[in-house]
Amino acid sequence: MKKNVLLILIIFICNITNAQNQIQNIEPPFWFTGMEYQDLQIMLHGKNIADFKPTLDYEGVKIISTDTTDNKNYLFINVKIEKTAKPGLLLFSFNKGKKSFKFSYELRAKRKNYKRLDINTEDVIYLVTPDRFVNGDKNNDSIKGYFQKADRSDVKYRHGGDIAGITKKLDYIKDMGFTAIWSMPMLQSNMPIYSYHGYSITDFYNIDRRFGTNDEYLNLVAESHKRGIAVIKDMVFNQFGDGHFWTKDKPDKNWVHVWDEFTYSNFNGTVIPDLYASNYDRDRMNRGWFDKWMPDLNQENPLVAKYLIQTTLFWVEYAGIDGIRMDTYQYNYKEFMNDWLKIIKTEYPDLFIVGEVWMNDSEIISYWKKGNNNRDGFNSELEYITDFPVQSILNNVFSSYKGIYELYNTVSRDYLYDNPLTNMIFADNHDVTRIFTFCKEDINKYKQVIAFLLTARGIPQIYYGTEILMTGDHHEILRADYPGGWEEDTINAFTSEGRTQLQNEAFNYITKLLNWRKNTSVIHNGKTLHFIPYKDTYVYFRFNDKNCVLVALNNGKEPITLEYDRHSEILNKYNKGKEVITDKEILNLKDITVPANGLVIIDL
Ligand SMILES: [Ca+2]
Ligand SMILES: [Ca+2]
């Protein structure tokens, strides 16, 4: 038995050298046995590879067909992997007349009894810009062969933050009370300029070396799981970075959307659900490019579709992640996204998948959510969605551009959703003005925003640095370095001594609320009862058969006493409570005062 393994290894090594002359890229780099998904497409890239005919002899694995395109440097082998197939090395032979070569392809076993962490309303997600959070390994700041070197003096350059840094701060994240992390993409994005954000991917199967290695990413998942923290991977299907080898040598003339001259998307999501929309506008939305260096992938090409689906299955299986955040959801073909979701959910029914639909209108958001019977017959398979209507209204209300009535008004549109609890709620993220900035650096308004996020329906997401009142209103500024994340930093906001008094006030406040929320199931799954705001105050209750929490946000300039009669339909079931932030006992529910520009959260 051991001899056989050795022999296979020798053959494997010989073949790699042999195949290296012929094949530059093989994707996916390896695959798995025991999957529901059995029709694997292996993409081979090499000079005139399409002229070769592959054969394979392996029990339980068969070549079904091959696909070629107008580019002879690509060959797609379609392989059927039976459930009974054993892990091992597939030895492919390639022949073209008298020329031949072999190469080995690894089949690993799918994880058995793997415990993925659920992500649901019990969780609060911490969003990180990995280049800007913590530099855990100085040795990977600049990597030979990569375009951009680290330079912290330039906001558009790489700063050196990495996976090692996030891993080092998992306890910090956990102690604050977060139970999930979402990091902006960390796959290779080797672009000459402006690549730190990660959304222009140049290798769908490898972590950017400036963030670390694939092994370090797997380790991040393992270390997170030890602490009960779930990991959400940011994925991008709409586009890739033009530093990818696909740009120099395009796999197929229809691999990306081609225009006679460069054409932007119209960035107008309303045309997708619009029953009257023209093909012209829809085409521009779906087929137009996000930016000049981001070729727009054509997911109507079945080769592209399969390629993308497999990258997902690969990462879920390989890294054991718990969730996916899908970028620019509505810029992809919606039917393709449904196919993708069905396949991924068949393989991993418990996987959390949230789609970014950046629209401020609840009606449009509901179009993209599962269970919404749309007029055009489209029924999205997407369960979780980014709640931009709530984000934009929190910004508008607490920047004092609109009154608090508008927050109530937005929440009152929840009838549009089959299940509002599957909305991911947030007040800012890596793309929009930070909370403390839109609150005009008013800590009392900041506290109301945080209170809303951590008591309203849905799954809250908080952007890194919110806990220390980081500011910023455009991309590079709102993605600033976390102070103390770099060895040379003079301020270390990871410690209470390194924070200002005001930062500690914010930090302690959010820590207290997060840890309270963690054990307060009525916030996770309770119903909502709310009242038309009066005297600039929005009052709502989260309740179930056993528990009830009252939240009152007073955005006005005067303190108010809540009108008992107005709320008596629910308040008359209780006679006392405890204010969550101050721990004060409230013995008279007829005399609840909400401070001016302040709030109360009362556990009844
Ligand atoms: Ca680094
Ligand atoms: Ca597109």
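The values are calculated or read from the model by the stated rules, or taken from the named source; none is laboratory data. For clarity, every value in this text was computed on a predicted model and none was experimentally measured. Cβ sites come from the backbone with ideal geometry, for glycine too, and all protein chains shown count toward neighbours. Surface areas here come from the heavy atoms of the whole protein model, side chains and all, with no ligands, DNA or RNA. Shrake-Rupley method; radii C 1.70, N 1.55, O 1.52, S 1.80 Å.
Per-residue extension of 0.36 nm, minus the Cα-Cα distance of residue 283 and residue 115, leaves a gain of 56.3 nm for this segment.
Relative to the dominant Cα principal axis of the chain, helix 334-347 is inclined by about 80°. Which lysines does residue 144 reach when only Cα atoms under 28 Å apart count, and residues fewer than 8 places away in its own chain are ignored? Filter leaves 47, 156, 168, 169, 233, 248, 250, 292. Each DSSP beta bridge with both residues in the chain is either parallel or antiparallel, and the antiparallel ones are about 65%.
May I ask for the angle, rounded to the nearest 10°, between helix 388-398 and the longest principal axis of the chain, with both axes built from Cα atoms and the value confined to 0 to 90°? Tilt of helix 388-398: around 40 degrees. Here region 267-330 has 51 percent of its accessible surface on carbon and sulfur atoms, given a 1.4 Å probe and all protein chains in place. Sorting the segments 268-280, 299-311 by their residues' average number of neighbouring beta-carbon atoms within 10 angstrom, most packed first, yields 299-311, 268-280. Distance between the 7 Å Cα→Cβ label points at residue 67 and residue 38: 2.0 nm.
Both the radius of gyration and Dmax for region 443-522 are 13.8, 44 Å, in that order, over alpha-carbon atoms. The residues of the chain expose, per residue, 42 Å² of accessible area to a 1.4 Å probe. Extents of region 506-604, largest first, come to 33, 31, 24 Å (Cα atoms, principal axes, whole angstrom). Of the accessible area of region 166-251, computed with a 1.4 Å probe over protein heavy atoms only, carbon and sulfur atoms account for 49 percent.
Alpha carbon centre of region 37-89 versus region 480-546: separation in Å? After rounding, the separation between the Cα centres reads 51 Å. Sorting 202-211, 370-379 by average packing, meaning the other beta carbons within 10 Å per residue, from highest down gives 202-211, 370-379. Full extension of the chain between residue 416 and residue 339 yields a length gain of 25.3 nm, computed as 0.36 nm times the residue separation minus the alpha carbon distance. Hey, any idea what % of region 458-604's accessible area is carbon plus sulfur with a 1.4 Å probe? Answer for region 458-604 is 49 percent, counting heavy atoms of protein chains only.
With angles folded into 0 to 90 degrees, how steeply does helix 214-226 sit against the dominant principal axis of the chain? Use alpha carbons for both and round to 10. For 214-226 against the chain, the angle is about 40 degrees. Of all lysines in the structure, the ones whose alpha carbon falls short of 19 Å from that of residue 62, not counting any fewer than 8 places away in one chain, are 53, 80, 83, 86, 102, 110, 306. Kirkwood radius for the chain, taken over all pairs of different Cα atoms as the inverse mean of 1/r, rounds to 26.1 Å. Under 18 Å of direct C-alpha separation, and excluding same-chain neighbours fewer than eight residues apart, residue 98 reaches these aspartates and glutamates: 51. Lys-Lys pairs in region 402-532 that are eight or more residues apart or on separate chains and whose Cα atoms lie under 25 Å of each other come to 11. Packing order of peptides 225-238, 553-566, 381-394, highest average first: 381-394, 225-238, 553-566 (average count of other Cβ atoms within 10 Å over each peptide's residues).
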